[in-house]
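Here is the structure we will look at.
What follows draws every value from the coordinates through simple rules; no lab data is involved. As the structure is a computational prediction, the values presented were derived from the model and not from experiment. Ideal geometry is used to build each Cβ from the backbone, glycine not excepted, and the neighbour counts take in all protein chains shown.
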Amino acid sequence: MSVVRPCVRLLLTGTDTGVGKTQVAVALTRALVARGLRVAVMKPIASGCSLNEQGWRNEDALALIEASGLAVPYEWVNPFALPLPVSPHLAARHAGVQIELGAVREAANRLLALAPEVLLVEGAGGWLSPLGDRIDHSDLARELGCRVLLVVGLRLGCINHARLSVRALRADGMSVAGWIGSEVRKGEQLLEEVEAELRRFLPVPWRGRLGYGAAVWDGDLSWLWERSD
């Protein structure tokens with residue numbers, strides 16, 4: 001008799017913007033799909049969208065949809081697509097849009113009705129980047145019942161940013177699945193040493209590193225079903 005595992009719900013956040021969150025999210029999604037799992041993806045609130053014949057579209061959300069292979073309406077993945085490439089709360093303000101977690105929950109419920117084994121949600125910017133005038137990533141994680149995975153861009157300043165991010169996650173009472181290192185540039189100085197220091201300083205599990213330009217995660221994934229925090 002096969003054991004039905006509950007859907008893993010994971011929110012990816014970063015130490016900053018431009019640290020490789022989307023690359024990590026896409027790589028994890030592809031790896032899970034390659035293992036025969038159904039993966040639902042979300043980029044609930046996205047700024048910097050482009051207008052086409054279908055409406056406002058975000059490149060990160062489209063990349064996630066392609067990686068998941070699920071044919072679902074775009075709005076289920078990205079219910080809030082905002083034009084300006086700025087912090088989401090500012091982009092929403094300038095677009096005259098009110099970010100509402102209820103709309104995000106409704107979209108998530110539609111995806112969950114497809115019975116995925118994993119719901120992978122990509123945040124916007126770093127953990128304390130506001131999503132709305134009164135909405136933070138902690139509100140989004142609680143609304144969707146997600147644990148949090150921190151993506152650390154392995155570059156100058158990342159030790160400080162990573163330590164601050166983990167402190168903020170813990171102060172917000174989040175369940176932290178761990179952290180992944182992301183090579184954001186080729187030839188970064190002292191890469192191995194910096195990663196070793198992060199593993200020493202951060203009080204949450206290291207889950208591996210995604211190499212520069214890597215398209216698929218080739219590391220372990222069993223930790224997704226573990227409770228580490």
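Values computed for the structure shown
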| read-out | value |
| --- | --- |
| Criterion (closer than 20 Å to Ala63 by Cα, in contact (Cβ under 8 Å) with a residue 24 or more places away in the chain and in contact with a His (Cβ under 9 Å, 6 or more places away or on another chain)) met by exactly one of Gly126, Gly132 | Gly126 |
| The one condition in (1) surrounded by fewer than 17 Cβ atoms within 10 Å (Cβ to Cβ); (2) at positive phi; (3) not basic (Lys, Arg) that Gly20 fails to fulfil | (1) |
| Filter pass, Val118 being more than 16 Å from Asp172 (Cα to Cα) and touching a helix residue (DSSP H, G or I) at 6+ places or on another chain (Cβ under 8 Å) | yes |
| Residues satisfying the stated conditions in the stretch 206-229, i.e. surrounded by 14 or more Cβ atoms within 10 Å (Cβ to Cβ) and touching a helix residue (DSSP H, G or I) at 6+ places or on another chain (Cβ under 7 Å) | Trp206, Arg207, Arg209, Leu210, Ala214, Val216, Trp217, Leu221 |
| Selected residue (criterion: surrounded by the most Cβ atoms within 10 Å (Cβ to Cβ)) from residues of the stretch 156-193 that are among the β-branched types (Val, Ile, Thr) and touching a residue at least 40 places away in the same chain (Cβ under 8 Å) | Ile180 |
| Boolean, Trp127 is out of contact with any Pro (no Cβ under 8 Å at 6 or more places or on another chain), surrounded by 17 or more Cβ atoms within 10 Å (Cβ to Cβ) and either of a type in the set (Phe, Trp, Tyr) or at positive phi (or both) | yes |
| Hey, Ile65 touching a strand residue (DSSP E or B) at 6+ places or on another chain (Cβ under 7 Å) and β-branched (Val, Ile, Thr) or not | yes |
| Residue check, Ser87 in contact with a Leu (Cβ under 8 Å, 6 or more places away or on another chain), of a type in the set (Ser, Thr, Tyr) and within 29 Å of Ala214 (Cβ to Cβ) | no |
| Neighbours by Cβ (under 6 Å, 6+ apart or cross-chain): first from the stretch 35-63, more than 19 Å from Leu114 (Cα to Cα) and without any contact (Cβ under 8 Å) to a residue 60 or more places away in the chain; second small (Gly, Ala, Ser) and not in a loop (DSSP other than H, G, I, E, B) | Cys49/Ala81; Trp56/Ala81; Arg57/Ser50; Asn58/Ala46; Asn58/Ala81 |
